[in-house]
Amino acid sequence: MSTQRTERWHQLLSPHRVGDKKDRPPLPQTRDERTAYDIDYDRIVFSSAFRSLHDKTQVFPLSTSDYTRTRLTHSIEASSVGRSLGQLAGRSLRAQDVRVEPPHLGTIVAAACLAHDIGNPPFGHSGEAAIQHWVEKHFPGFEPVEETSARHPFATEAEWRDLAGFEGNAQGFRILTRLQARNRDGGLRYTVATVGAMSKYPCPAVLPNRRERKKGGPVSEKKFGFFQEDAQLAREVFRTLGLKQREPDVFSRHPLAFLVEAADDICYALIDLEDSAKLGLIPMEEACTLLEDVAALQRGFQPLKDKVDWESRLGRARAGAVFALIQECVAAFEEHVADMEEGRFEAPLVSVRPDAHRKVKNITELTRKKGYESERVLQIEAAGFRTLGGLLDMFAPAVLADTPNREQKKLRQLLPLEFFQRPGPYLEDRDEAILRLRPYERLLCVTDYVSGMTDGFAVELYQRLSGIKLPD
């Protein structure tokens, strides 16, 4: 049994790189002591898409505080938690006589955590909603047509739902495997193991038989994880890993994806509470009490209460809570990993342990009420909604037009030529590069550009193109 499981895990940890072709000549040997997974980690750190997370909303948009976390700091913290989860899970597998290297699992989960939010547009989930709203407003519902055009750019319902339900997770898959390469071939060339670990939702926008995504349904189908243009690439990745294909294009999760989700959930809950308390949106004493309650899941935790400043008490409570939830999630992983390997497990690890789930839920409900829905956050998210919609109003018609007018030609020039490239010969002529794309693919180019912006750049560009503010 352990031999079969070891072989299964060797496939799940495949170092094969996305986009590598069998007939491609091997790269010259170099003196590099890094593992394939170390290289994944380093590649994301040095990528432009990762750097842009420094000015993308985590919870509090365009914060003037130098303390408040951004998507970048959130991703780094989730990566740190993910490394611990991966290494401890690896040790658990070794104890079950599955021959894996715990540090490899730690690095894979850490690298996947660094990339897990890389597809989020400006202004976070409000930015996703802005793109969705724009598509629904201009293309309300899918209409089958014989030939797509600027008026009807979608050939299938799945293409329409890709953008009418625009999803940052699918954009993240697209960035890693396609956009971070000049000719859109392979992207960062991550290992399939790390891409699989990052893919929390290995399914398309339209489920078989038009099945609805239901609350309480399979966690891996809660959202979608790849666009139709990237479907073949997704199939290659998930089949190389041997993930169970339940239905056409619907795969089970990679076991390590549950650890990536857990790292995100831990940081999302605990760290956002800490930020809310630091900004005065939640009383410090209440935040400390909630975090200490989570930390108490581990025996021996001693909170700082007597003659201690609130900052120190909060930091100690947060650290203890993170440690406690890591242990809870690893225990849940150990209990259910055999089912994960067979694609039979469908629940977030944080929700498996009743006490942990209840305490985390109390925190997230409070943070949502007093932090996420504070007046300043709602005002800026509303402004971001208009900003992204305004940018799409400008760029989408310019790119969809076969014969652009003068204004549209100028707008086209503002879009980097790389966004219109596809695998094959690199086209230097912008109009030629656009004309070879189907209308659906052209819209994807626009959402690639807009969703890749930082919060600040999106606002600045919208103001300049609207005439509200002129370039310096």
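No lab work stands behind these numbers, since they all come straight from the coordinates. Given the structure is predicted, the values throughout are model-derived calculations rather than measurements. Cβ sites come from the backbone with ideal geometry, for glycine too, and all protein chains shown count toward neighbours.
Under the criterion of Cα pairs below 8 Å and six or more residues apart, the relative contact order for the chain equals 19 percent.
Arrange the following residues from fewest to most other Cβ atoms within 10 Å of their Cβ: Arg436, Arg17, Arg299.
Numbers: Arg436 14, Arg17 18, Arg299 6.
Placing the least packed residue first, the sequence is Arg299, Arg436, Arg17.
Directionally averaged projected area (the range 257-372, Cα convex hull): 7.2 nm². May I ask you to list the lysines whose Cα is less than 17 Å away from that of Lys222, ignoring any residue fewer than eight positions away on the same chain? By straight Cα distance, Lys222 reaches Lys200, Lys214.
Mind checking which helices in the chain clear 27 Å along their axis (Cα) and have mean Kyte-Doolittle hydropathy of -0.5 or more, DSSP H runs only? Kindly include the intermediate steps, with their values, before the conclusion.
Numbers: long enough: 71-95 (35 Å, -0.19); 255-278 (35 Å, 0.59); 310-341 (44 Å, 0.11); 375-400 (37 Å, 0.77).
Long hydrophobic helices here: 71-95, 255-278, 310-341, 375-400.
Applied to the range 189-202, the Karplus parametrisation 6.51 cos²θ - 1.76 cosθ + 1.60 on θ = phi - 60° returns per-residue 3J(HN,Hα) values of 6, 5, 5, 5, 4, 6, 4, x, 5, 7, 8, 6, 10, x Hz, with x for Gly and Pro. Computed on the range 257-372, with alpha-carbon pairs under 8 angstrom and 6+ residues apart, the relative contact order is 37 percent.
How big is the dipole moment of the range 257-372 about its Cα centre under a simple scheme where the beta carbon of each Lys and Arg is +1, that of each Asp and Glu is -1, and everything else is neutral? Debye, nearest 20, please. Please list the in-between numbers first.
Values: 15 positive and 22 negative charges, 115 e Å.
My answer is approximately 560 debye.
Please rank Glu167, Glu33, fewest neighbouring Cβ atoms within 10 Å first, as an exposure proxy. Write down the numbers at each step before the final one.
On the way: Glu167 23, Glu33 5.
Taking fewest neighbouring Cβ atoms as first place, the list is Glu33, Glu167.
Seen from a random direction on average, the alpha-carbon convex hull of the range 376-466 projects onto 6.2 square nanometres.
Suppose a student asked you for the relative contact order of the range 376-466, using Cα pairs under 8 Å spaced at least 6 residues apart; what percent would you report? Relative CO of the range 376-466 lands at 37 percent. In plain terms, the bigger the Kirkwood radius, the slower the diffusion; for the range 184-252, with that radius from Cα pairs, at 25 °C and 0.890 mPa s, Stokes-Einstein puts D at 196 µm²/s. Selection among Leu444, Thr289, Ala111 by position relative to the dipole of the chain gives Ala111 as farthest towards the positive end (Cβ unit charges, Cα centre). Taking the square roots of five times each eigenvalue of the Cα gyration tensor of the chain, the equivalent ellipsoid has semi-axes of 37, 29, 20 Å, listed largest first. For the range 75-135 versus the range 288-339, the spacing of their alpha-carbon centroids is 20 Å.
Averaged over residues, the count of other Cβ atoms within 10 Å places the peptides 207-219, 331-343 in the sequence 331-343, 207-219, highest first.
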